[in-house]
Every structure is written in structure tokens, then in C-alpha cells.
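A short reminder: the numbers here are calculations on the coordinates, not readings from a lab. Bear in mind the structure is a predicted one, so any value in this text is a computation, not a measurement. A quick note on method: Cβ atoms are made from the backbone with ideal geometry, for glycine too, and the neighbour counts reach across all protein chains shown.
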């Protein structure tokens, strides 16, 4: 490594220190901080974020980029330079004043969103959303794109994914899922989830969740589990990746599957190569790939028959007595109930992607000026009816349910559905390498975790999502494996 | 406020943001952080500390000092400028290179101290201590002093306190305490602390401790209680002041009195005027005044007869059954057992200051080159014998017990004994204003807390320790009230 390169790494380390401090503050605010301390802490966030922004757009950064780009034999340095350049460009292309106005608007809009939900009044939010859409269009123009303006926004969350690609895979996925949901709606045999609704103390749920996290290979010397209202996983540094969960004492599924989901995110971050630590590459490569890791563990592993064949005994040991008489088969089917519902974050693994399709189609049309904000409620309800066969009785349970748009985030939603597809594609490749059902059934996740570490986790941002997908599966993005997996699983459960 | 003044406050706010981030990191490292994350976090501490140091020694800071010192009508600004100037001078007077060498030496020495303790081998540590003493002497010369070189070090912890003052008050305190201890050693009636040693679960101890903290007026919306090996209180900001405690299931005194002690520190920080927030004045004015607040609550309140007259019932409700038959009088006397012991941090309120006298006399002599580091073990043991009547069988239980000197801290120890004296003086003044025993007996601490808030806490660093003492008590530092209080209390307990 030459001197310029090591100076660059030192510069990145310093930048990363600010990021680490900010991550810790975020974790603390969401888990431990007393409420009166929030106000002053938000000033600290302001100061550190500004500092971080200054780093990424500094002349010094530009000098490093100019000196090193295409001019280094160290692949890691090259990739880090590319990441930095992208951020430099992204941040520099938007006029400072405009970005500040956008941030202020966004923060106001989030507050108005709360009020609009409470009052079930979309009209309150409408003018804010209209402005936020305009800002996103403007920013997308600043950033540039090849074919569709919406691509510029997608790029922030899922680099390499374009509207063209999504329009190739999403409609067939949507139609296959909608058909499967339709069959399930008409199935004569249905699981009974009420058998799962017994009181199950937080402490006991926690001990079961902790045990599963441990078996997954989550490293408690490099992380911890806490309780929050909105569960999340956060990497403070590669050796300190924390997860949180939420307990519902009348429905253990919330905590158990939630913990495993966040554990999947955490395994990704904990196993990024140490060589990348303290660089911008020490992070999951995209929102979608991240989601593939959480969904893989939550659904492909923890909602599988094989998983419960091994863990049902442990579960019954820890769970209170009303769970004892539940037959295995009824339990397995109950935790996999499919039911079209109004709220995305409560959706099952089959209907979830349909909620995403609605959002994708609407936000793409908004950014392309094909529809107007004022028409969102009606369009939303119509699509809900088309894809899920139900219509929200109120906007609160419809277009007002998610914070994303009110927070100015457009282009984010597709990542969730991409996560399902990636996960199914990875799952298919993994199955070609080993009999994973056998391993799951024996409660030994070691080789599965190792496979994920070696094929996905270690690379951090060294590979872009589609390159990673291709390297692991030899295929490009497609919905085939997800549809096959869901069809097979739910045909059995619903005896279709 | 003119423009320069408000620019100055903005500058201070930014500086304070870094301090707040660092405080949160410290809290997290001591309470929640997984061990593998430590290494990278220490780099974050390095980056933020450097940044903070740069603030305090920057040309910009110097410009503010020059522009505003003696040139503002705002008293708060004037005091803040004085604080900043002092730090500016303190930091600038030491050559950067020398300070870095000192920091490196100190960190090595702390590690060697661990080893020396384990091996009970003072010789291992001796060369490090010798160098640290030399650095302290050099720094003291850089900083300057009027009469005694040791004053320059005292100033860092207890501004205004000089060797002359300590030599006036400490010997008489020492002799009075030693005599009292002697009488107690010869007393025929002694408390029996073994009656307190029953298993008492962590959870129950916690619920009792939390209740007392609440009654003291600790604001849980601006703080929280966690568990650590070494209990502490930390102000992250004035609205986020956290305490920690330690549980010994076979000795509830550790957690109960420890929590109240840290709670006393926390009440100070929580009640500093909001006008001072985000300035260097938003902090306790000295180590000694801080200690007076923790000791006041721990000893003058929570080890008093009046306190237990009210709280013994609650205690028995929460404590396990073996505590039930304990008569009140025996309980009260047992929690106030006096017994000369080898370890400072385990000492009772009477013998504690004698441990400090030993350290004060030795470190003063070291800095004045009147004794040599190599002679410390013998001198230590001799003084232990003179003042406490016991001789440490090993250096591990003698001169090697504290980390302070190995961490390069000289001039710190006196603050502990000052805390006891300040507390007794404050207690005397408070008693002139209200019948505090009545209030303690009724479990109503509101007026006591208000008095502390109004007379001590609110001022933060607006008043230096001796000015504060004088404003509150109308007297200068003296040991009279402490000796009176201890004599009265222990004459009764030991029926002298």
C-alpha cells in the first residue's frame, strides 16, 4: 500500500468514527435514553451529521478520489474510492439550500403524517406529499438517469436495479402471488391461528428467542438483544451489531420471528470481512440484499417444517402449559397462516410482496408524473382490491399507513420485495450444495451460516447486489424460485 | 446578548456536542457494550477527544477569550469565558509531544498496575510511578503556582484549595478521627453486622433502591439506573443523568447505599440551571463538592436513625423473611459499624478520611521531592499503623490498592475528604433552616432537595467551591462540623 492509499484509509477511519458515534446515539435513543434527554441529543446528531456530510463532500475527499480512482492496484481501495465518489457526487449535485429546505419539509411532513393518521384525513398530508414528490423529481434530475427518472431514486437503495428490470419481474410475481392467494382464499381446509394465542411471558419468550439467536450463530460477544417498540438491527461497528425485539405476551410470533428476522440482518453485519472494517465497504451492500438475509432466516428457516421438527420440543419446554396439547401439524400450519390483510407490516410471507407491488406501481407513476398525489387514496384502494381482494375501510388503514413517503423516501419500497426474491434465489443455490432440511432438522445451522458468510456476508459492499446475486446463483434476478417455493409450501399447508 | 456573545455560545454548543457523544460512549462501554466492540470504539474515543482538545486550544477559542473576557455584561458569558481560558491555558502550557508521551506512559502504567497487584510486586510498578511523578512535577511547573508546587495539581480537581488550606484542616481532622476510632476499638458494646448478611435477591434490592431514588427526587424521565461492576453517575446532558449500581446478593448495603450515593451525584447534575446547558458551566463545580452531594445523601440522610425510622417497614416488606426479626436498634447500629480496614473503598464513613490522609501526605511529599517512590510501601504501612492501628500484610492490600497514581492522577485524593467536610458544613447550615430529621422521618425529602437545588445545584460551575461554601454556610472550610457530627453519632452508637 502506498502512502496516498494509507492516508486515504486514515481519512476514512476518521469519517467512520463519526458514523459510529451517530449509530450508538441512534441505538441509545431507541432503546435506553430517557425522554427528556432527547432534545439536546438531537443537537448532537445535527453537529455530528454535519461533520459527516462535510467529510463526504470535502475537497480532501475529492483529492483522494482524483488521485486514487483507477490508479490503485488494491481492489478494496478501488471499491472504497468508488463508494466515496458516488456519495460525493450524490451530495454535491444537490444545491445545499435546496437540500436544507427538503430536510425541513420532511421533518414537518412526518409530524403532519402522524396527525393525518390520527384524524384519518389524507387531505392534511396531501400538500406536503406533493412538495416531497417534486423534490424527489428535482433530485432525480440532478442525479441523472438513463431511461426512467425513477431509476435515479431506486439507485439510492438498490444500485443496479432499474425500472426496466422491475417491470420485467414484478408483474409476473404479482400475478402468481395473487392467484395463489385466490386459491388459498377458496381453500376448504384452513389453519387455526387462535391455537397460538395463549399468554406467554416476556421472560420466557426472551429465553426462547435468545436460544435461537445463539443457535443461528449470532455472536453475543459482538452484540446484544434489547427491547423496543419498533424492532431493528444496527451495526455500530462490525464487532458490535445489536438487535432489538418486541414482545406481545398474547402472541409469541411477534418476538420469536421478529428476533430471528433481526438476527438475520445482524449475522450479515457481524460477518463482513474485518479487512473492510472502518471503510464505507463495511456494510450490507443494499437494502434488498439485507432483507434477503433477514427473510431467509425468518421464513425459509424458522417458518419451515424442518425447523419446528427440531425446535418444537424446546418450544414446549419453555412455553406455558396451554401450548402442550397442540399437535405439531396444527402448530406448523398456524404459524404459516395466509390471510389478505390491510397493513403491510402485519402481512404474511405470501401476501407481503403484493403490498409492495401497490406501493411500487404508485410511486413509480408519481415520479413519472403519470398520476397525482390527490388521487393516491382511490388508486391505493383499487389496487388493494385487485391484488388482495380487500378494500381498506379508511385511509388510515390504506394510503396513510406507512411513513416512507411522508419522510420523503421514494424508491425504497421495492427493496422489500427484492429481498424475498433474492432470498429464494440464494435458498435454491444453497440447496444445490447441501441438504439444508437435514441440517435444520438437526438444529445445526453452522454450515448454513458458513455458506452465507462465505458467499454473501464477507463481501460487504465489495460487490453490488446484482453482481453478488450472479456470483452466488449464476442467474440474474427472477421471481421463479420465490413463486416455486411459495407454491410448494402453501399447496401443502392448504392442501390445494 | 451581542453578536460576539451569541457566536461564542454557538461555538460552545458545538464543543459540548462532542463531549455529549463521548459521555454516551463512556456510559455504553461501562454498561452495555459487547466486549468485541471495544477495540474499534477506542478509536472513536480517540478521534472525538482529539476534536474536543482542538476546540479548547483553537485560535478561534483564543479570539473569543480575548474579545469577551472582562468585556461582557452577561455574568454567565463571563464565567464561561473564564472556564475556557483556564482550559486553554492548561492545555497550551504543556508541549504537545510531552503530553502525548505522558498519555502513553499512563496507559502502560495502568496495565502494569494490574500485573503488579496480581503478583503483589510493587517493584514492577515503581519505575512507572517514578516517571509519572516526574511528569506531574514538570506539568505543575508549566502550570505554575504561588506557594507549593502541589497546589498546581490540586487546582485541577478543587480550584481554590491549596496545600496551605489542607495543612490547616487535615491534621486536626486526622487526629480527631484517629482518636474516635481508638475509642471505638476499645468500646465494650459493638454492633453485629452479621445480622445483615442474608440472601436478598438482586430484583428485590433493585426495587427498594429504585423506590428510594424516586423518593429522593431523582427524575427517571431524565435518567435511568443500570448495573455495573464499578458504580458511577454520569451526566450525558443535564436532562440525561444516569446512575449505575452493583448488587451483592449477600450484602444489600452495597447496592442500597451505593445507589443512594450515585443518586446524590445525579441530583446535582440533574438540577443545574437549564440556562447553563450546553456551556462548560453545566457541570458540578468540583470533585469535592460533587462528593459532598453523594455523601450527604448516603450518610447524613440514608445512614441516619431518622431515615430508617421511616423506611424500615418498607425495607422489611421488600426484604426476605430472615430480616424480619431484626430489631430496629440493632439494624441501625449494624449499618453503621466502624471498623478499621485495609481497603479505602470498603471503609466506613468514619475511617474513610483517614485513608485519604495517608494518600494526601504521601503524594504531597512525592511532588515536593521529600520522599522517593521506592519508599512508598513502607511509608504507607507505617501511616496505616499510626492512623488506623492496622498494618497491611501485603502491598496489594496497601500501596497497590488504588489505580489513581498509576493513572498519573496526583492531587485528586484530597477531594474525597473535602467532600465529607463540605457535606457536614452544608448539613449544619441546612439544619439551621429546617428540622431535617422531622422531614427525613416522614420520608418527605422535597424541601431538602429544594434547598440543595437552590443553594448548591443550580449554580453548576458559576461558583467556585470555596465561594459556594461561603455563600451557603457563611464560613470557610473547616472540619469542626464533620467531627461534631461523627462524634455525636458514633458516641451514641458505641455508647462511648
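Run the label-point distances for residue A:442 please: 7 Å along Cα to Cβ, every other copy, nanometres, shortest first.
7.3
Across peptide A:11-23, how many C-beta atoms of other chains are within 10 Å of each residue C-beta, on average?
4
At q = 0.05 Å⁻¹, what is the base-10 log of I(q)/I(0) for chain A according to the Debye formula with one equal point scatterer per Cα and no solvent? Please give it to two decimals.
Debye curve over Cα of chain A, log10 I(q)/I(0) at q = 0.05 Å⁻¹: -0.19.
Once every DSSP H run of n ≥ 4 in chain A is given -39500 (n - 2.57) and the sum is divided by its residues, what mean residue ellipticity at 222 nm do you get, rounded to the nearest 500 deg cm²/dmol?
Estimated from H runs of four or more residues: -20500 deg cm²/dmol.
For the stretch B:129-219, evaluate the Debye formula with one uniform point scatterer on each Cα (no solvent term) and list log10 I(q)/I(0) at q = 0.21, 0.22 Å⁻¹, rounded to two decimals.
-0.97, -1.02
What do the square roots of 5 times the Cα gyration tensor eigenvalues come to for the protein assembly as shown, in whole Å, largest first, as semi-axes of the equivalent ellipsoid?
Working: eigenvalues 677, 242, 152 Å².
Working through the eigenvalues yields semi-axes of 58, 35, 28 Å.
In nm to one decimal, list the spacings between the residue B:124 label point and its equivalents in the other copies, with label points set 7 Å along Cα to Cβ, shortest first.
Here the equivalent label points are 6.6 nm apart from this one.
At residue A:491, with labels set 7 Å past Cα in the Cβ direction, how many nm apart are the copies from this one, shortest first?
Result for residue A:491, in nm, nearest copy first: 9.6.
What residue of chain B sits with its beta carbon nearest the rotation axis taking B to A, and at what distance in whole Å?
Rotation axis B onto A, closest Cβ, rounded to whole Å: B:21, 2.
What does the structure give for A:27-35 when I average, per residue, the other chain Cβ atoms found within 10 Å of the residue Cβ?
Mean shielding by partner chains, rounded to a whole number: 5.
Highest mean first, how do B:87-100, A:232-245 rank when packing is the count of other Cβ atoms within 10 Å averaged over residues?
Details: B:87-100: 13.9, A:232-245: 24.3.
Answer by packing, highest mean first, reads A:232-245, B:87-100.
Can you tell me the relative contact order of the stretch A:123-496? Whole percent, Cα pairs under 8 Å, sequence separation 6 or more. Working shown, then result.
On the way: 548 pairs, mean separation 95.7, N = 374.
It comes to 26 percent, rounded to a whole number.
Count the DSSP beta bridges whose two residues both fall in the protein assembly as shown, then state the antiparallel fraction as a percent rounded to the nearest 5.
Restricted to the protein assembly as shown, the bridges split so that about 55 percent are antiparallel.
Based only on the alpha carbon positions, what is the Kirkwood hydrodynamic radius of the stretch B:47-181, in angstrom?
It is 18.1 Å.
Post the alpha-carbon centroid distance, the stretch A:1-80 to the stretch B:15-69, in whole angstrom.
16
Expressed as a whole number of Å, what is the distance separating the alpha-carbon centroids of the stretch A:208-262 and the stretch B:191-230?
Answer, in whole Å: 29.
Cα centroids of the stretch A:454-496 and the stretch A:305-357: how far apart, whole angstrom?
22
Please arrange B:110, B:75 by counting, for each residue, the other beta carbons lying within 10 Å of its beta carbon, fewest first.
Least crowded to most crowded, the residues run B:75, B:110.
Cut-off is 10 Å between beta-carbons; in what order do B:328, B:312 appear when sorted fewest neighbours first?
Least to most surrounded, the residues fall as B:328, B:312.
In what sequence do A:349, A:397 fall when counting other Cβ within 10 Å, fewest first?
If I rank by nearby Cβ atoms, fewest first, I get A:397, A:349.
For peptide A:214-226, how many partner chain Cβ atoms fall within 10 Å of a residue's Cβ, on average? Numbers along the way, then the final one.
Details: counts 0, 0, 0, 0, 0, 2, 3, 4, 4, 4, 4, 0, 1.
For peptide A:214-226, the averaged partner shielding equals 2.
With only alpha-carbon pairs counted, each pair once and no self-pairs, how large is the Kirkwood hydrodynamic radius of the stretch B:1-93 in angstroms?
Every distinct Cα pair counted, the radius reaches 14.6 Å.
State the percent of C-alpha pairs, over all pairs in the stretch B:38-79, separated by a distance greater than 14 angstrom.
Working: 531 of 861 pairs.
Here the long-distance tail beyond 14 Å is 62 percent of all Cα pairs in the stretch B:38-79.
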